[in-house]
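Heads up: the structure comes next, in structure tokens.
Rule-based calculations on the coordinates, nothing more; no lab input. Nothing here was measured: the structure is a model prediction, and the numbers come from that model. For neighbour counting, all protein chains shown are included, and Cβ atoms are generated from backbone atoms with ideal geometry for every residue, glycine included.
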Amino acid sequence: MDPLARLRVQPWHALAGLAPLASDALARVLAGTPAERVLDRTLRDHRHLSRSQRQALKEAIFNVGLWRRRLGYLLGRPDAPASLLLYALLHGLAGVPAPEAAALAGVEAPPELATAEPPSLALRASLPDWLADHFSQEWGPEAEDFCAHLNVPGPITLRVNSPRTSREALAWRLRQEGVETRPGAWSPLALQVEGPRPNLYALPSLQQGLFEVQDEGSQLLGLLVEARPGETVLDLCAGAGGKTLLLGAAMENQGRLLAYDPDAERLDRLMQRRARAGLSNVHVLRQPPAGLAADRVLVDAPCSELGSLRRGPDLRFLMPPSVLIDCVPAQRELLARAAELVRPGGRLVYATCTVNRAENQELVAGFLRQRRDFRLLPPGAGWLAPACVQEGFLVCAPHRHGTDAFFAAVLERGQ
């Protein structure tokens, strides 16, 4: 994969006259303000910008934020100001001729750029050193490919709301609404949007609850629970409910689906989405559950979120190295608590959206040493593609599957 290819087809000419605006926005991103927030504020403050200007400004903000380390290498200045970084992006990575790139970036005397390939993975993929080292340890010879995929935006993936429609019928309906899709490769519920990013939230099909936006790897996590109609199922870390709604659909609106999260605002959003999806078996819990004997429990644990770095261009620079261990105590506690809520013979699925053995394989191994009444089951037996299974766990990643990176262990409590 060439992560730079998309940079060469952007409407960079639309940055003409916007150099001061771009430099101001980029300075805020480089100082630590999240790029998404900076872009949103900039576009709201300058509503007169044309569509191509907005697109070019977005790409400039996101890609300087993302590629800053490689751009600093090209300039020979890791601490280069925003205008020079923008020039290095336009000329060094996007291939804009030097005089034009200098004019667009507001640079009067454009410097020479390094021509040699950056000597380290951290510089090539524009990652903090500690994070590049971590991915090298996790992926070995696959690290370069994995990191390249982190530098390209992920696809827009939809999950069909199966009680209301089928994947084929939804694809037809979306085509009538001007959105082309193709079936996902791994989840039977997935459709991937093709072509330009549409305004999905304006579509009648979404307003009617026919689909949700959900990464295909995230869909697989919910499907591994294998929730069935009539059961008692608990989503212990429900968040805003993406996987909760999948579980409710799998249960065909029959049985009891309990959803808990410590974030009350997320639960409020879940309730709104529940109504749109037409699910009546979802019960939102405002207090941690206790005394349950659930048939199935899903723990989509808070984690370092290294698997979704391609969703935010500057996230890698906003997290400290301690993120690799910060969540482990809470994850261990969550898994232990969840184990008490599963009935004998029931299923417990532990999942994260990160690439970190300490939060994934090692944490599950430690749990199984303590809880001899649980055993590891093959994930998705009979339906999950073998390419998604590694060492007895679900492992998916952008360079292998086109999804964000996810991990899941399927555990069963003894009778």
* To do: Mean Kyte-Doolittle of at least -0.5 plus a Cα span of 18 Å or more along the axis: flag which DSSP H helices in the chain meet both, please.
  => 51-75, 328-340
* Would you work out which of S205, L220, G307 lies farthest towards the positive end of the dipole of the chain? Charges go on Cβ: Lys and Arg +1, Asp and Glu -1. => S205
* Along the Cα-to-Cβ line of R337, 7 Å from the Cα, sits a label point; which residues in segment 252-268 have backbone N less than 11 Å from it? -> 260-263
* To do: Pop the C-beta distance of R266 and A31 into the FRET formula with R0 = 22 Å and round what comes out to the nearest 0.05.
  => 0.15
* Could you check which residue among N161, N63, N199 shows the biggest mean-square fluctuation in a GNM of the chain with a 10 Å Cα cutoff? => N199
* Structure fact -> Expressed in angstrom and rounded, the centroid-to-centroid distance over alpha carbons for segment 202-219 and segment 63-133 is 37 Å
* Asked: Among G76, G382, G366, which one moves the most in a GNM of the chain with springs linking Cα atoms closer than 10 Å?
  -> G382
* To do: Return the loop-located trypsin sites (Lys or Arg not before Pro) in segment 2-67 (DSSP other than H, G, I, E, B) with at most 11 other Cβ atoms within 10 Å of their own Cβ; answer none if there are none.
  => R47
* Structure fact -> Under the rule rounded for a/c under 1.5, else prolate if a/b exceeds b/c, else oblate, using alpha carbon gyration tensor axes a ≥ b ≥ c, segment 216-413 is classed as rounded
* Distance in nm between label sites at Q207 and S322, each 7 Å beyond Cα in the beta-carbon direction? -> 4.7 nm
* If you place +1 on the Cβ of every Lys and Arg and -1 on the Cβ of every Asp and Glu, how big does the dipole about the Cα centre of the chain come out, in debye to the nearest 20? -> 1020 debye
* What are the residues whose amide H is under 5 Å from the amide H of L258, where those residues sit 5 or more places off or on another chain and H is modelled from the backbone? -> V233, L234, D235, H283
* Classify segment 187-229: rounded, prolate or oblate, from the alpha-carbon gyration tensor (a ≥ b ≥ c, eigenvalue square roots; a/c under 1.5 rounded; otherwise prolate if a/b is larger than b/c)? -> oblate
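For an R0 of 25 angstrom, estimate the FRET efficiency from the Cβ-Cβ distance between E100 and S120 and round to the nearest 0.05. Could you put the intermediate results ahead of the total?
Values: r = 30 Å, r/R0 = 1.21.
FRET efficiency, E100 to S120: 0.25.
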